[in-house]
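J.: Pasting a structure below so you can have a look.
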Amino acid sequence: MQTLGRLLSYLINAVTVLAGLSVALMMVHITVDVISRYVFNYPLPGTITVVSNFYMVLVAFLPLAFVEQKGSHISVEVLTERFPLAVQRHLAAWLLPLSILVFGILTVRTWGEATIKMEINAAVVQGVDKILIWPTYFFLPLGCGLMVLVLAYKFVTYLTGAPSGIDSARIIGPDAD
């Protein structure tokens with residue numbers, strides 16, 4: 001079971017690196033566009049389309065599983081924080097199947113949408129350029145599907161009591177205690 005968890009963590013980390021690289025590429029792309037626009041009076045064609053349809057989709061959807069793996073999604077515990085820790089743990093674990101259902105539906109639905117966009121060869125026309133955007137639609141089911149895998153894996157390890165093997169070290173922010 002731990003080997004499966006380590007493999008899943010490796011896959012999620014690799015996909016998250018891709019999202020991180022897209023952030024760096026987006027910064028470079030926008031910087032070059034701004035310099036080109038104000039220094040040479042020639043903006044890069046298609047910058048807005050590429051940023052909004054490629055980089056932003058990667059940044060938003062690929063790290064979903066990474067954040068779940070680390071247990072760092074935003075949560076609000078108005079009542080549950082007053083429960084004993086054991087009860088909190090069981091409540092969190094039994095909410096995993098609901099999350100699996102929701103993200104499973106999102107995965108199936110976004111996969112269907114991505115295949116439709118691929119079939120019609122979806123593109124955005126910006127000026128005289130035609131920019132294909134259908135490939136980016138596949139990042140949504142990839143991100144949601146990885147989320148389903150992490151949630152299902154966490155639930156199975158909860159039920160079996162087996163050691164996880166998943167890299168679940170919490171992300172510590174600047175305001176952590």
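J.: If you split all Cα-Cα distances of region 30-71 into 10 Å bins from zero, what percentages do you get per bin, shortest first?
T.: Distribution as computed: 26, 32, 23, 14, 4 percent.
J.: I've got another one for you. Under the rule of at least 5 residues apart or a separate chain, name every residue whose amide H is placed under 5 Å from the amide H of Ala123.
T.: When sequence neighbours closer than 5 places are left aside, the close amide H contacts are Ile133.
J.: Give the whole-number value, in cubic angstrom per residue, of the convex hull volume spanned by the C-alpha atoms of region 51-118. Present the calculation step by step, with values, prior to reporting the outcome.
T.: Numbers: hull volume 7.3 nm³, N = 68.
For region 51-118, the hull spanned by Cα atoms encloses 107 Å³ per residue.
J.: Multiply the residue separation of Val87 and Val125 by 0.36 nm, subtract the distance between their alpha-carbon atoms, and state the gained length in nm to one decimal.
T.: Stretched fully, the Val87-Val125 segment lengthens by 8.3 nm.
J.: To continue, here is another question. Please work out, to two decimal places, the log10 of the ratio I(q)/I(0) at q = 0.10, 0.14, 0.17, 0.19 Å⁻¹ from a Debye calculation in which every Cα of the chain carries one identical scatterer.
T.: Computed log10 I(q)/I(0) values: -0.52, -0.88, -1.12, -1.27.
J.: Let me ask another. List His73, His90 from most exposed to least, where exposure is judged by having the fewest other Cβ atoms within 10 Å.
T.: His73, His90
J.: Taking neighbour counts of Cβ atoms within 10 Å as a proxy for exposure, in what order, fewest first, do Trp94, Trp134 appear? Kindly include the intermediate steps, with their values, before the conclusion.
T.: Values: Trp94 11, Trp134 17.
By the 10 Å Cβ count, ascending, the order reads Trp94, Trp134.
J.: While we're on this one: Take every Cα pair under 8 Å in the chain that's 6+ residues apart, average their separations, divide by the length, and report that relative contact order as a whole percent.
T.: So the answer I get is 36 percent.
No value in this document is a laboratory result; all are computed from the given coordinates. All figures in this text were calculated on a predicted structure; none of them were measured in a lab. Heads up, the Cβs are rebuilt from the backbone with ideal geometry, glycines too, and the neighbour counts pull from every protein chain shown.
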